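Student: Below is a structure I'd like to ask you about.
The values are calculated or read from the model by the stated rules, or taken from the named source; none is laboratory data. The shown structure was predicted, so the numbers you read here are calculated from the model rather than taken from an experiment. Every residue, glycine as well, gets a Cβ built from its backbone with ideal geometry; the counts of neighbours run over all protein chains shown. We work out accessible area using only protein heavy atoms, side chains counted, and drop any ligands, DNA or RNA first. Shrake-Rupley method; radii C 1.70, N 1.55, O 1.52, S 1.80 Å.
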Amino acid sequence: MDSLEGKRVLVTGGNRGLGLGIVEALVAKKARVTALARDADKLMEVKRRLGVGVLVGDITDQAIAAGALREVRPDVLILNAGTTPAMGPIHELDWDAFSKTWNIDVKATLFWIQEALRLPLASGSRVLLGSSGAAIAGSPMSGGHGGAKRMIMFMANYANVVSNELGRGIRFQTLVPRQMIGETDHGRACAGYYADRKGVSLETFLQNFGKPMSPREYGEYVVTILTDPKFDSTTTFAIKGDTGIVPFDGSQS
């Protein structure tokens, strides 16, 4: 996939944050983008500004996943949408708070993977799963978030096994941003909690990650992963402002 021009791309959570950065980068490459999210008003703003298609729906509704894939038939599916985890030390989180990311991000990822394989998407399609640096380094103040995001990394591998066994020709890959991104609601909420506990400003805490990475810069990295042949066979990518795209084999910390 050396060019995205004319390619059909479906991005969940494409109305804000990292998802919007991905959508902007894809539109710049003349892809035919559809953004899916729950907030119809924000989606319409994106549609007016960027000329993309929009679908309103909850990512955890399997019928929505099936219907969206049938309607769009994407060459590329980017599962970016997810929840902001409940924040707090482990002894203060009840089960609902601890398992929030499992019940939204992992559940949705399972449903969209299943529907991509069952439809199926066309041979040669790419499915990018959004994970988190918490999957690698942990996240002690966000309950089961790190484990849930690690599970998404496993799920890409599991899906590739099934795709190969069934001859589907669909490639599943995982995106792992290795820093909190202060320009997003999710990044500010999580980083702000840690900053408060450490007694430092949000800006000071975010400096620990090195070079900042904007949502649009993240989107450009995603475009590179999709169009540079050297990234075709890698399953997991760590992405960071000061190091760019680094293939991840599971052994780094």
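Student: Which one of the conditions (1) of a type in the set (Lys, Arg); (2) open to solvent by 60 Å² or more (accessible area, probe 1.4 Å); (3) touching a Gly at 6+ places or on another chain (Cβ under 9 Å); (4) within 23 Å of Gln62 (Cα to Cα) does Arg188 fail to meet, given that it meets all the rest?
Tutor: For Arg188, the exception is condition (4).
Student: Name every residue in the range 1-26 that is surrounded by fewer than 23 Cβ atoms within 10 Å (Cβ to Cβ) and either under 26 Å from Thr84 (Cα atoms) or among the charged types (D, E, K, R) (or both), in order of residue number. Talk me through it step by step, then tell me what you get.
Tutor: Step one: list which residues in the range 1-26 are surrounded by fewer than 23 Cβ atoms within 10 Å (Cβ to Cβ), which gives 1-8, 16-17, 24.
Result: Asp2, Glu5, Lys7, Arg8, Arg16, Gly17, Glu24.
Student: Only one of (1) within 25 Å of Leu4 (Cβ to Cβ); (2) open to solvent by 40 Å² or more (accessible area, probe 1.4 Å); (3) out of contact with any Ser or Thr (no Cβ under 8 Å at 6 or more places or on another chain); (4) not β-branched (Val, Ile, Thr) is not met by Arg126, so which one is it?
Tutor: It is condition (2) that Arg126 fails.
Student: Which one of these is at pLDDT below 95, closer than 27 Å to Val27 by Cβ, out of contact with any strand residue (DSSP E or B) (no Cβ under 7 Å at 6 or more places or on another chain) and not in a loop (DSSP other than H, G, I, E, B): Gly182, Gly187? Don't jump to the end; show me each part of the working.
Tutor: Working: Gly182 fails: not in a loop (DSSP other than H, G, I, E, B).
The unique qualifying residue is Gly187.
Student: If you don't mind, another one. Restricted to the range 204-253, and to residues that are assigned to a loop (DSSP other than H, G, I, E, B) and acidic (Asp, Glu), which residue is most open to solvent (accessible area, probe 1.4 Å)? Reasoning before the result, please.
Tutor: So the first thing to find is which residues in the range 204-253 are assigned to a loop (DSSP other than H, G, I, E, B), and the list is 210-214, 228, 232-235, 241-243, 248-253.
Adding the requirement that they be acidic (Asp, Glu) leaves 228, 232, 242, 249.
On the way: Asp228: 46, Asp232: 63, Asp242: 82, Asp249: 117 Å².
The extreme case among them is Asp249.
Student: Only one of (1) open to solvent by 50 Å² or more (accessible area, probe 1.4 Å); (2) more than 20 Å from the chain's Cα centre (by Cα) is not met by Gly169, so which one is it?
Tutor: It fails just one condition, (1).
Student: How do the helices (runs of 4 or more DSSP H) wholly within the range 1-94 filter down when requiring 2 or more residues that are out of contact with any Ser or Thr (no Cβ under 7 Å at 6 or more places or on another chain) and farther than 25 Å from His186 by Cα: which remain?
Tutor: Working: elements: 17-28, 40-50, 62-72.
Helices (runs of 4 or more DSSP H) meeting the threshold: 62-72.
Student: Can I ask one more? Report every pair of residues separated by at least 6 positions or lying on different chains whose Cβ atoms are under 6 Å apart, first residue within the range 3-29 and farther than 18 Å from Ser131 by Cα and of a type in the set (Gly, Ala, Ser), second open to solvent by 10 Å² or more (accessible area, probe 1.4 Å) and in a helix (DSSP H, G or I).
Tutor: Listed pairs, sorted by first residue: Ala25/Glu220.
Student: Going through the range 110-120 one residue at a time, which ones are open to solvent by less than 10 Å² (accessible area, probe 1.4 Å) and free of Cβ contacts under 8 Å to residues at least 60 places away in the same chain? Walk me through it before giving the result.
Tutor: Keep residues of the range 110-120 that are open to solvent by less than 10 Å² (accessible area, probe 1.4 Å), which gives 112, 116.
Answer for the range 110-120, where residues must be open to solvent by less than 10 Å² (accessible area, probe 1.4 Å) and free of Cβ contacts under 8 Å to residues at least 60 places away in the same chain: just Ala116.
Student: If you go through the range 78-102, how many residues are in contact (Cβ under 8 Å) with a residue 12 or more places away in the chain, of a type outside the set (Phe, Trp, Tyr) and open to solvent by 60 Å² or more (accessible area, probe 1.4 Å)? Please lay out each step first, then the result.
Tutor: Quick first cut of the range 78-102, residues in contact (Cβ under 8 Å) with a residue 12 or more places away in the chain only: 78-90, 93, 97-102.
Pick out the ones that are also of a type outside the set (Phe, Trp, Tyr) and you get 78-90, 93, 97, 99-101.
Next cut, open to solvent by 60 Å² or more (accessible area, probe 1.4 Å) only: 90, 100.
Matching residues across the range 78-102 total 2.
Student: Of the conditions (1) open to solvent by less than 10 Å² (accessible area, probe 1.4 Å); (2) free of Cβ contacts under 8 Å to residues at least 24 places away in the same chain; (3) of a type outside the set (Ser, Thr, Tyr), Val56 clears all except one; give me its number.
Tutor: Going through (1) open to solvent by less than 10 Å² (accessible area, probe 1.4 Å); (2) free of Cβ contacts under 8 Å to residues at least 24 places away in the same chain; (3) of a type outside the set (Ser, Thr, Tyr) one by one, Val56 breaks only (1).
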